[in-house]
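Engineer: My structure is below; once you've seen it, I'll send some questions.
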Amino acid sequence: MNIWLIMLCGGLATFAIRLSFIYLFGRLRIGEGLRRALNYVPPSVLSAIVFPELFMPGGAFDVSLGNVRLLAGTAAALVAWFSKNTLATIVAGMAVLTLLSLF
Amino acid sequence: MTRRDYFWAGVRAELPLLVGVMPFGMIYGALALNVGLSKLASQLMSSIVFAGSSQFITAKLVGEGAPGLVIVVTIAVVNLRHALYSASIAPFLSPCATPWKLLLSYLLTDEAYAPAIVHYESRGIGPYSHWFLLGTGLTLWSGWQASTALGIFLGAAIPTAWSLDFALPLTFIAMVVPLLKTRASAASAFIAGLVSLGAYQLPYKLGLILAAAAGIAVGVYLEGRRKG
């Protein structure tokens, strides 16, 4: 699929989601089950993307001290936990990766 | 309050949030360019999709050559939470005419919603109070477009020898870690991560959707069990 078509479909889907309840006010209710499930979308999707990046940097599972991306990612996660700051997390992760890559 | 009062009150309420949003927009612009999107596509994604985390994910999946349908489904799943904002702000916008509902829905991002809902719930609504959401939404929209452009401009100057691609998972780490406040959300993230490793070899990046489904199921199950 062409990048423009992907963006258009993704944009329309996003717009339709945002419009849904505003447009159908009074005619559409959000169920308790769905409301609960939506809370777990961000942690699930984000970590499903992050895990392979850290544990399988070359496409194969690698848990060793030679896996600098896993070490840098772990350091970044600690910074994220304590600082809750996006920029600090990125800077810390990039700094650790750069330092470890020198050795 | 007049239309103008509401609008500027919205703009003022949004400005502090731009401090957090603009670095994010710059990183998006630089990364989109880095994974191989054209400058035009990188910039226009910020107004066509106009949703931070799903733009990062789209850039990443496009760069990896994932099939379009999987990318579109992923964008929709990631943005499903906007249905919650839509439901929560709908009563306050119900008197508006349809063109207003269309415009304000387009502008309904996390950061535009947050100050607006606080305002509506504490002050109630008047005949012009939808102008407040227009103020927060347009301010955020402008900041997002400008910071994307700046990111594209700076991104073109960053040497490819730097492992800039790693900034993407780092951005996601920064987003996900603060969410792991409960046992259910931590377990949901952990299971989704494990499944994504196990299902990595599945074609068409389907492992991503499978992993997300597993994580959501575990979170819902644990939360339900805790509540008995």
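Values in this text are rule-based calculations from the coordinates and carry no lab data. Bear in mind the structure is a predicted one, so any value in this text is a computation, not a measurement. As a convention, Cβ positions derive from the backbone with ideal geometry for all residues, glycine included, and neighbour counts pool all protein chains shown.
Engineer: Suppose R0 equals 25 Å; then what is the FRET efficiency for B:LEU150 and A:ASN85 from their Cβ-Cβ distance, rounded to the nearest 0.05?
Structural biologist: 0.80
Engineer: So, one more: State which helices in chain B qualify, where a helix is a whole DSSP H run, it must extend 24 Å or more along its own axis by its Cα atoms, and its mean Kyte-Doolittle hydropathy must be at least -1.0.
Structural biologist: Helix filter hits for chain B: B:3-34, B:130-155, B:206-227.
Engineer: Averaged over peptide A:70-82, how many Cβ atoms belonging to another chain are found within 10 Å of each residue's Cβ?
Structural biologist: Partner-chain Cβ atoms within 10 Å, mean over residues of A:70-82: 4.
Engineer: What distance in nm lies between label points placed 7 Å from Cα along the C-beta direction at A:LEU5 and B:GLU64?
Structural biologist: About 2.2 nm separates the two model spin labels.
Engineer: Continuing with this model, one more query. Sum up the charges of everything whose Cβ sits under 15 Å from the Cβ of B:MET175, counting Lys and Arg as +1 and Asp and Glu as -1, but leave B:MET175 out.
Structural biologist: Every neighbour counted, the sum reads +1.
Engineer: Given R₀ = 35 Å, FRET efficiency for B:SER47-A:PHE61 by Cβ-Cβ distance, to 0.05?
Structural biologist: Result of the calculation: an efficiency of 0.35.
Engineer: I would also like to ask the following. Which residue, chosen from A:PHE51, A:ASN85, A:LEU65, occupies the Cα position most advanced towards the positive end of the dipole of chain A, where the dipole is computed from +1 (Lys, Arg) and -1 (Asp, Glu) charges on Cβ about the Cα centre?
Structural biologist: So the residue we want is A:ASN85.
Engineer: Using a Förster radius of 41 Å, what is the FRET efficiency between B:GLN201 and B:SER94 based on their Cβ-Cβ separation? Nearest 0.05, please.
Structural biologist: It comes to 0.25.
Engineer: Follow-up. When only Cα pairs under 8 Å and 6 or more residues apart are kept, what is the percent relative contact order across chain A?
Structural biologist: RCO, chain A: 15 percent.
Engineer: Next up: Given a cut-off of under 8 Å on Cα pairs at least six residues apart, what relative contact order in percent is computed for region B:16-107?
Structural biologist: Relative CO of region B:16-107 lands at 21 percent.
Engineer: Right, something else. Pull up the cross-link candidates among the lysines for B:LYS181, meaning alpha carbon to alpha carbon under 26 Å and not fewer than 8 places away within one chain.
Structural biologist: Those lysines meeting the cut-off are A:LYS84, B:LYS227.
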